[in-house]
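The values are calculated or read from the model by the stated rules, or taken from the named source; none is laboratory data. In this text the structure is predicted, and so the values were computed from the model without any measurement. Backbone-built Cβ (ideal geometry, glycine too); neighbour counts: all protein chains shown.
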Amino acid sequence: MPYLTQLADVARRTGFPVTEVAGWQTRGHGPQPQVQGIVCHHTAGPAGGGDYPSLAVVRDGRPGLDGPLSQFGLGRSGHIYVIAAGRCWHNAPSTSTMHTNSASLGIEAENDGTQPWPDVQKDAYIRLCAELCREFGLPASRVKAHREVNTSKPDPHSIDMNDFRAAVAALIQGAPAPEPSWTEEIVNQLPMIRPGDDNFDVKTVRGCLFARGRVPASAYAQVGLEDWLKSTRCDPGLVELVRGFQQAEGIGADGVVGPKTWPSLLRV
């Protein structure tokens, strides 16, 4: 089997944002010999913020273990990072012949090993596994937690893999995910907007909230509407308005504008 250069296209079928990490198509410890299984991991990375702070480690490795360590990374926002098309050192020694490094693909999901899993991240995890199963003709039973195929590992923590595989199976049995429309593709490329960010995309958030009638006059009383709309800072006041919008839309009210919030803001 050659380097798996179709992995980015497979990831995009989930409908979640995808980043192709530079050099991924030729990155690996040689080509991937076969795909008989999928192994789910958590990174045990930093407890602090950021969507995928473990990227450099998964791509380049750590002392005593050269990278790449997994074909995919999965950010807290559900953003998928395609890291390698070849073989990765993600599971050894394996208790399953179908889940060795030479026979399986790895997904490293950002989590320090104790944090709750954001719903959006878990949804992306399930959908990515389902699309990989479709691509390589695997049943959901071939999706395993690292701890299930390596007796020394605990990851991914707290995920009930029977429920996880049932969700994967339901997606496999359903119709393949439709190709995203051009508007959905635009939304998928929009960045995460988090508290404290300072960039021009914040202005888009402000304008959309105002257009949706979610900005009371009191929010801009001190600076005036024009200056409020021009501000590029995601300040505490804007975060509260985003939370209010998310609650009204039935979206998780975390104050972060990501793949679940952008479509509602833009009415895609």
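Quick notes on this structure:
- Top-ranked residue of region 95-131 - restricted to ones that are out of contact with any Cys (no Cβ under 8 Å at 6 or more places or on another chain) and among the hydroxyl-bearing types (Ser, Thr, Tyr), ranked as nearest to Ala253 (Cα to Cα): Thr114
- Any pair with Cβ under 7 angstrom, 6 or more apart, that starts in region 1-27 at a residue that is closer than 12 Å to Gly78 by Cα and outside any loop (DSSP other than H, G, I, E, B) and ends at one that is of a type in the set (Lys, Arg) and modelled with pLDDT of 90 or more: Val18/Arg12
- Exclusive hit being out of contact with any helix residue (DSSP H, G or I) (no Cβ under 8 Å at 6 or more places or on another chain), modelled with pLDDT of 90 or more and at positive phi, set Gly250, Gly224, Gly255, Gly244: Gly224
- The criterion of at least 3 residues that are within 18 Å of Ser152 (Cβ to Cβ) and in contact with a strand residue (DSSP E or B) (Cβ under 7 Å, 6 or more places away or on another chain) is met by the following strands (runs of 3 or more DSSP E) wholly inside region 42-133: 104-109.
- Cβ pairs under 6 Å, 6+ apart, first in region 79-101 and in the same structural domain as Gly61 (by TED's automatic domain parsing), second among the charged types (D, E, K, R): His79/Asp51; Val82/Glu20; Ile83/Arg59; Ala84/Arg27; His99/Lys144; Asn101/Arg87
- In region 209-235, the residues that are in the same structural domain as Gln246 (by TED's automatic domain parsing) and of a type outside the set (Gly, Ala, Ser) reach residues that are assigned to a loop (DSSP other than H, G, I, E, B) and surrounded by 13 or more Cβ atoms within 10 Å (Cβ to Cβ) with C-beta atoms within less than 6 angstrom, at least six apart or across chains, in these pairs: Leu209/Val215; Trp228/Tyr220; Cys234/Pro195; Cys234/Asp197.
- Whichever residue in region 144-169 is closer than 22 Å to Pro17 by Cα and among the aliphatic types (A, V, I, L, M) and, among such residues, is surrounded by the fewest Cβ atoms within 10 Å (Cβ to Cβ): Ala167
- Those helices (runs of 4 or more DSSP H) lying entirely in region 187-268 with at least 1 residues surrounded by 14 or more Cβ atoms within 10 Å (Cβ to Cβ) and in contact with a Gly (Cβ under 8 Å, 6 or more places away or on another chain): 225-230, 236-249
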